[in-house]
Amino acid sequence: MTTVRYAHIFGLLFGLLSSGGANAQFVVERSPWLDSEAVTEEPVNQRWAVANQSTTQLITTELTVEGLNPRKPVQLKVEEDTALELAPYRRYSRLCVEPNFMLYADFIYADPEVPTDTMMLKPLAIGLETALPAVEFMPGTEELYFTSAPALQALRKFIEVNPTVSVAIIGHDNEDVLEPNRTSRNRARAVFEYLVSSGVKPNRLSVEGRGASQRIYTHPSTPQEAQANRRISIRVTNY
């Protein structure tokens, strides 16, 4: 059985320091709202809710959230409207698994102009596709980054709680990679291997590589835009 290797953060930091020495530059992600002079770094009070996209009926469910606790993901019960105090400069990853709904995954910053953020869950159907932005790879490699673990676990749970579902795992990449089609497929294969090693039956999974054909940013100008292109998505192939 193939073991999925997770890149260690210290190796990444060592590589960055080695390549740039004392002059190495680190890009720190900040909320876009902090670029305005009128915005302070005061906490943002926001309410989160989850609803059925088809009926708009609110759902009581549980989210896996990265960013609420800087040390580890948090399991957060969300009811009709759950009040939170969020840091405006921090990126939050949210994952939601509910039977008979598509896996929900996103990255957000706390927008002070949005008092209530309602996450809309799509009822399951063949052909539905969604991106998993929290599944990340080391740049230029097919190696899963260690921060991908919560999203991979959510994907495994999504398949487990929907026993008739089969999914295609789809890799995407940037055009500056030597062989984007091969690399994107191998990255999707790494996710496939993780799921199989976690107990998912291989006949419920398939693998695709789309290379750079569906980039979110045609000409990425920041590491974050390049990372958004270098992503994994899933498509429901049976339900």
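The values are calculated or read from the model by the stated rules, or taken from the named source; none is laboratory data. Computed from a predicted structure; not experimentally measured. All Cβ positions, glycine included, derive from the backbone under ideal geometry; neighbour counts span all protein chains shown.
Could you list, in sequence order, all residues of the stretch 119-141 that are on the phi < 0 side of the Ramachandran plot and at pLDDT 95 or above? Step through it out loud before you land on a result.
Here is the first cut: in the stretch 119-141, the residues on the phi < 0 side of the Ramachandran plot are 119-126, 128-139, 141.
If the condition is that a residue be on the phi < 0 side of the Ramachandran plot and at pLDDT 95 or above, then M119, M120, L121, K122, P123, L124, A125, I126, L128 are the ones that fit.
Kindly evaluate V114 against the criterion of being within 24 Å of I234 (Cβ to Cβ) and not assigned by TED's automatic domain parsing to the domain that holds A151.
no
Scan the stretch 186-207 and give yes if some residue there is out of contact with any His (no Cβ under 8 Å at 6 or more places or on another chain), at pLDDT 75 or above and farther than 22 Å from L103 by Cα, otherwise no.
yes
Could you please let me know if L144 is at pLDDT below 95 and more than 26 Å from E79 (Cβ to Cβ)? If you could, list the steps in order and put the result at the bottom.
Details: at pLDDT below 95: yes; more than 26 Å from E79 (Cβ to Cβ): yes.
Against the criterion (at pLDDT below 95 and more than 26 Å from E79 (Cβ to Cβ)), L144 qualifies.
Out of curiosity, is L68 in the same structural domain as M102 (by TED's automatic domain parsing) and assigned to a loop (DSSP other than H, G, I, E, B)?
On the way: in the same structural domain as M102 (by TED's automatic domain parsing): yes; assigned to a loop (DSSP other than H, G, I, E, B): yes.
Yes; evaluated as a whole, the condition is true for this residue.
If a residue has to be in a strand (DSSP E or B), of a type in the set (A, V, I, L, M) and within 17 Å of L68 (Cβ to Cβ) to count, how many in the stretch 101-138 make the cut?
Matching residues across the stretch 101-138 total 3.
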